[in-house]
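Peer 1: Provided herewith is a single structure, encoded as structure tokens, for subsequent inquiry.
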Amino acid sequence: MDLAHQLFAQLQELPQVEVIALGGSRASGLHDARSDYDVYLYCTAPIDEEARRALLARYCTVMEIGNHYWEYEDNCTFRDGVDLDLLHRDLDGFAADVRRVVEGHEASLGYTTCMWHNLRTCKVVFDRHSRLEALQRRFDVPYPDALRDAIIHANMPLLHGALPAYDAQIHKAASRGDLVSVNHRVAAFLASYFDVLFAINGMTHPGEKRQLGIAERDCRVLPEDFRSSFDTLFASMFTDTAKLDSTIAQLARNLSRCVEQIAL
């Protein structure tokens, strides 16, 4: 039994632990021996940090316990050099977040369906009362048209058209040579862009990694000049304001044409 599964066996003995689930490449099967472990630990009550430290010290050489940079998590390295991110979650809160999106059709500015994707694609290691598996069945539904439309209506105006739209903000930042602001606004543009692209294809959002490749592989509706537009964007965004403006406009225009292909 490898170190990770030895740890899982110990975690299962804690009464607070309701579910242990794997995410990322370890869940998809696309991992290698050096791939990180993304582990979701759903608990009914907090586990004392010192108790976690003592347990993790059996298997890990490096530990940061109780980080709050994104979610509440323990970031560690196993004795064999493989990294571990142990995320602590409340199952009721997680279910409510997914419900607001899938059944309530609440859109965000980018990454709207990431938690739904996480639920659908995670690998259940331990489920004391089969609650996570029940949630997977509940939310194993076709992509709601109302959710798709909500994502489009929330995000498309910020690509182009609204007064605070990202394209205008990018132009202003590039014109004054504010490269940090260019980077920030392009990132926001792309967050909304991919939220819309995955929505019109009825795909849950896979997160920030490998979005271009996933879109090329899985999207049935793909904007014209998709890859070449991104190649031009990344080659010009800090060096050529005119090219940056035209490429951002092309990305927004071609995505808008894809939106027009579906019935709203």
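Rule-based calculations on the coordinates, nothing more; no lab input. Only a predicted model underlies this, so the values are computations on that prediction, with no experimental measurement involved. Glycine gets a Cβ as well: all are built from the backbone with ideal geometry, and neighbour counts include every protein chain shown.
Peer 1: Starting from the Cα-Cα distance between Arg128 and Arg176, subtract it from 0.36 nm times their residue separation and give me the gain in nm to one decimal.
Peer 2: Stretched fully, the Arg128-Arg176 segment lengthens by 11.6 nm.
Peer 1: Hey, got a sec? Which GluC sites (Glu not before Pro) in the range 181-264 land in a DSSP loop and have at most 15 other Cβ atoms within 10 Å?
Peer 2: For GluC sites (Glu not before Pro) across the range 181-264 that sit outside H, G, I, E and B with at most 15 neighbouring Cβ atoms in 10 Å, the list reads Glu208, Glu224.
Peer 1: Taking H as built 1.01 Å from N, whose amide H comes closer than 5 Å to the amide H of Glu18, not counting residues under 5 places away?
Peer 2: Counting only residues 5 or more places away or on other chains, the set is Tyr42, Cys43, Thr44.
Peer 1: I need the helices of the chain that pass two filters: whole DSSP H segments spanning 27 Å or more by Cα along the axis, and mean Kyte-Doolittle score no lower than 1.0.
Peer 2: Working: long enough: 179-200 (31 Å, 1.40); 241-260 (29 Å, -0.10).
Correct list, ordered by number: 179-200.
Peer 1: Over 23 Å apart: what share of the alpha carbon pairs of the chain falls there, rounded to a whole percent?
Peer 2: On the way: 20427 of 34716 pairs.
Tail fraction, whole percent: 59.
Peer 1: Based on the alpha carbon coordinates of the range 135-197, what radius of gyration and maximum Cα-Cα distance (Dmax) apply, in Å?
Peer 2: Gyration radius and largest Cα-Cα distance of the range 135-197: 15.5, 51 Å.
Peer 1: A further question on this structure: By counting other Cβ atoms within 10 Å of each Cβ, how are Asp2, Asp48 ranked from fewest to most? Walk me through the numbers on the way to the answer.
Peer 2: On the way: Asp2 13, Asp48 10.
Placing the least packed residue first, the sequence is Asp48, Asp2.
Peer 1: A further question follows. Cβ neighbours within 10 Å, averaged per peptide: list 76-82, 137-143 in order, most packed at the top.
Peer 2: 76-82, 137-143
Peer 1: Suppose the chain between Gln10 and Asp240 were pulled fully straight at 0.36 nm per residue; how much longer would it get relative to their current alpha carbon spacing?
Peer 2: Here the answer is 77.3 nm.
Peer 1: Still on this structure, I have one more. Can you list, by residue number, the Cys in the chain that have no neighbouring cysteine C-beta under 4.7 Å?
Peer 2: Here Cys43, Cys114, Cys122, Cys219, Cys258 come out as lacking a disulfide-compatible partner, given the Cβ-Cβ threshold of under 4.7 Å.
Peer 1: On to the next question. What relative contact order, as a whole-number percentage, does the chain give when Cα pairs under 8 Å and 6 or more residues apart are counted?
Peer 2: Details: 372 pairs, mean separation 41.1, N = 264.
Once divided by the residue count of the chain, the mean separation gives 16 percent.
Peer 1: Right, something else. May I ask you to compute the full-extension gain from Arg137 to Glu64, defined as 0.36 nm times their residue separation minus their alpha-carbon distance, rounded to one decimal in nm?
Peer 2: Numbers: separation 73, 0.36 × 73 = 26.28 nm, distance 3.44 nm.
This chain segment gains 22.8 nm when fully extended.
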